[in-house]
Amino acid sequence: MPRQTFMHRVLAPAEPARVWRGLQRPESWGRIGGVRNIEQPTFDESGDLTGYRFTVDLGGNSHFGVARRSAITPGSRVSMTIDTDLMAGEIDVQLEPSEDQTAVTVAMTIESKGFMTAMLFPVITGAIASGFNDEVSRFARGMIDDRISPES
C-alpha cells in the first residue's frame, strides 16, 4: 500500500516544559492533519496523554479514528499511531530547546488501507502537503496558547 511522510520544523516562543504541557492537551492534536472532534482522551499516571478518538476529513468525508501513544520520552518526544478505516500511520513530535524558544519537529507518516484509498492516495497526500507546514505552525502556537481555537 502507498505510504508517505511529511515533516516540518517550527520555533515555538516558549520553553520546552511549557510546550510539553500543551502537547498533553488533547485539543492540541486537533490542529494537525485534518483532525477534528478530539474525544475520549486517556492519560497515564503522570498526566501525559496516551490516546484519543478523533474525526478526520478525508476525500470530502468524515472518518472516525483512534490515536494511541506508541513512544514517549517525557519532556521531549511523543509518537501517536493513528488508525481510521481508510488510513493508518504515525505522528511523531520532537521538542528541542533553542535558546529561549522550543524547536518543534512534526513528522507524520500515512499509509493507505485498501484498494480505493490507494487509488485516491495522490489526491489525499497532495491535500495534506499543501497545508502541512501551516498546520504544524498552528499546532505549535496552540500548544502555548489555550485561547487559539483548532481552526486558527
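The values are calculated or read from the model by the stated rules, or taken from the named source; none is laboratory data. In this text, all values refer to a predicted model and were calculated from it rather than measured experimentally. We place every Cβ from the backbone using ideal geometry, glycine too, and count neighbours over all the protein chains shown.
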>> Restricting to the range 67-95, count the residues that are within 28 Å of Arg18 (Cβ to Cβ) and out of contact with any Ser or Thr (no Cβ under 8 Å at 6 or more places or on another chain).
In response: 6
> Within the range 103-117, can one find any residue that is part of a helix (DSSP H, G or I) and surrounded by 15 or more Cβ atoms within 10 Å (Cβ to Cβ)?
Replying inline: yes
>> Take the conditions over 26 Å from Glu39 (Cβ atoms) and either among the basic types (Lys, Arg) or in a helix (DSSP H, G or I) (or both) and apply them to Gly131. Does it pass?
In response: no
> Looking at the range 45-63, which of the residues that are surrounded by 13 or more Cβ atoms within 10 Å (Cβ to Cβ) and modelled with pLDDT of 90 or more is farthest from the chain's Cα centre (by Cα)?
Replying inline: Asp48
> If a residue has to be closer than 20 Å to Arg53 by Cα and either of a type in the set (S, T, N, Q) or at pLDDT 95 or above (or both) to count, how many in the range 68-82 make the cut?
Replying inline: 9
> What residue, among those in the range 1-34 that are polar (S, T, N, Q) and part of a strand (DSSP E or B), is modelled with the highest pLDDT?
Replying inline: Thr5
